[in-house]
1. Is one or more of the residues making up the stretch 44-62 open to solvent by less than 50 Å² (accessible area, probe 1.4 Å), at pLDDT 95 or above, touching a Phe, Trp or Tyr at 6+ places or on another chain (Cβ under 8 Å) and not in a loop (DSSP other than H, G, I, E, B)?
2. If you go through the stretch 18-43, how many residues are under 22 Å from the mean Cα position of the chain (by Cα), surrounded by 14 or more Cβ atoms within 10 Å (Cβ to Cβ) and farther than 14 Å from LEU367 by Cα?
3. Any idea how many residues of the stretch 495-520 are out of contact with any helix residue (DSSP H, G or I) (no Cβ under 6 Å at 6 or more places or on another chain) and not in a loop (DSSP other than H, G, I, E, B)?
4. Could you tell me which of the residues SER7, SER11 is under 29 Å from LYS121 (Cα atoms) and either among the aromatic types (Phe, Trp, Tyr) or open to solvent by less than 60 Å² (accessible area, probe 1.4 Å) (or both)?
5. Residues LEU207, LEU247, LEU224, LEU237: which one is surrounded by 21 or more Cβ atoms within 10 Å (Cβ to Cβ) and closer than 28 Å to VAL361 by Cα?
6. For GLU81, work out the one condition from (1) touching a residue at least 60 places away in the same chain (Cβ under 8 Å); (2) of a type in the set (D, E, K, R); (3) over 30 Å from VAL19 (Cα atoms); (4) out of contact with any helix residue (DSSP H, G or I) (no Cβ under 6 Å at 6 or more places or on another chain) it doesn't fulfil.
7. Tell me the residue from LEU97, LEU17 that is in contact (Cβ under 8 Å) with a residue 60 or more places away in the chain and assigned to a loop (DSSP other than H, G, I, E, B), please.
Amino acid sequence: MPSDCISYQESGYFTPLIVDYLNQSTAVQSLYNNYPDFEGFKAQISEKKQHFSASTRAVLVDELKKQYKQLNAPESIKNIELLAHENTFTITTGHQLNLFTGPLYFLYKIISAINLCQELKEQFPAQNFVPIYWMATEDHDFEEISFFNYQGKKIRWNKEASGPVGRLSTHGLEKVYQVFAQEIGQGQNAQQIKKWFHEAYLNHNNLADATRYLAHQIFGKYGLVILDADCASLKQLFVPYAQKELLEQPTNRQVSDTNLKLKNYLVQVNPRAINLFYLEDDLRERIVLEGGIYKIHETNISFTKEEILEELKNHPEKFSPNVLLRPLYEEVILPNLCYIGGGGELAYWLQLKSNFEAFGVPFPILLLRNSVLLATEKQAQKADKLALTWQDLFQKQNDLIHLKTIAISEFPIELSIQKDYLRTQFHYLYQLAKKTDTSFTGAVKAQEAKQIKGLEQLEKRLLKAQKRKHKDQLDRVVALQNELFPNKGLQERQTNFSEFYIAYGDALITELIGRLDPLSHNFTILKLV
């Protein structure tokens, strides 16, 4: 196959907003600070250094050491200790606590962060760069994270759940383990997968600890630092910002104004009056202000202004930023240069720059994570035999069948030559009508439309006939595309890493880390041997 990548812009899987961001279009330049290239990182380092204190570093390092107490993690601990120094910066990606990592792009986010740190170290040797995986422990959408797909089957954790997912008990995952273990068989790599699942979910009490263990097993040797920001010490650093949100509600104003600039795009998130939740073990509900009283939505809990400020001061861990304030929280507690996310994530980050300015916090560089299509050698050979390029396979299926039918037909299906000839003849008739009787023009126009439509109907019938004639070959095209794009969507959003790990083991991770370039704007096709 002629290419092992396709540009994000040409892949057809990114929105106009993200395409314009990648192209640095003037329409979106006011929505971001520095662009993800080496010049941008140089400027970001300078800006962040001026706005991040030694005292915040000390709190961060102390909290991370506590979170890593139970892990044998020499590479990660080394990076945590580096965070105490003013020349150390982070590159952050975040993800939900999906059961057994969820879809493949969990890996691609983290690999993008690891690889970017390595590239930045080469470019700026006087600085240190630490990859951070921010666990979305305060999220409360259990339904989204309660399953993963294996060989087209949903492996689901059936459980009633409320409150922040990171605090959820792992009780009940024994049954999920038994179902999964039966599915994957007995090979050496399958045994490793079983061990990881068993150790993560059956030997840890909550979902945050289980996810930290699992992510560390896969990426710990690369120095990945995994952060759970659902803790009092880090929330204490965020108190001034949470207080400003409670009293002045700047986020609603700033994001609403930015959304007006995005009127030509799909707006990802709309702000609320107060963009904070109130948090307990089994509760995560919105804080709303009604008649001067702060109420916790759908509960009987309420506070006066003085009472909620006292609660914030004494129990900062009970205040949880929503999707629009979580980025601010991240940038307050981390010496961060860059956030790496998918297209949907970057779309809402692009709503936030003016809000960061209102809070006086530097806005980070935004980088689209690596995207990958994994193909086996057998699939690559099939594509070669079918004369398919990667660009072909990224087409919508109906378009692919149409184009492939035209390509393999023994004669032209499109009657464009005949249509052009017909239009030339009617041009003569139009000229004739002008010279004789202009009322004749309407009749000429109607006849032209009728005959063009007739040719179009013939095209459709020819196409249909050729599809029947070449059905076997077209069925093979469809079957291959369905293998590579399950449910007619991106593989990375459907398939769990275990399917490929069972076949390729640790080589899957090392190959991805070796091949992916975080600063290229290309969808990588990785042929696994």
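The values are calculated or read from the model by the stated rules, or taken from the named source; none is laboratory data. Note that the coordinates shown come from a computational prediction; the quantities given were computed from them, not determined experimentally. Glycine gets a Cβ as well: all are built from the backbone with ideal geometry, and neighbour counts include every protein chain shown. With ligands, DNA and RNA removed, areas are computed over all heavy atoms of the protein, side chains included. Shrake-Rupley method; radii C 1.70, N 1.55, O 1.52, S 1.80 Å.
1. yes
2. Total meeting the criteria: 1.
3. Matching residues across the stretch 495-520 total 9.
4. Answer to the check: SER7.
5. Numbers: LEU207 fails: closer than 28 Å to VAL361 by Cα; LEU247 fails: surrounded by 21 or more Cβ atoms within 10 Å (Cβ to Cβ); LEU237 fails: surrounded by 21 or more Cβ atoms within 10 Å (Cβ to Cβ).
Only one candidate qualifies: LEU224.
6. Every listed condition holds for GLU81 apart from (1).
7. LEU97
Residue-by-condition table, conditions (1) under 22 Å from GLU119 (Cα atoms); (2) of a type outside the set (S, T, N, Q); (3) in contact with a Gly (Cβ under 7 Å, 6 or more places away or on another chain):
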residue	(1), (2), (3)
GLN29	no, no, no
VAL59	no, yes, no
LYS66	no, yes, no
ILE77	yes, yes, no
THR88	yes, no, no
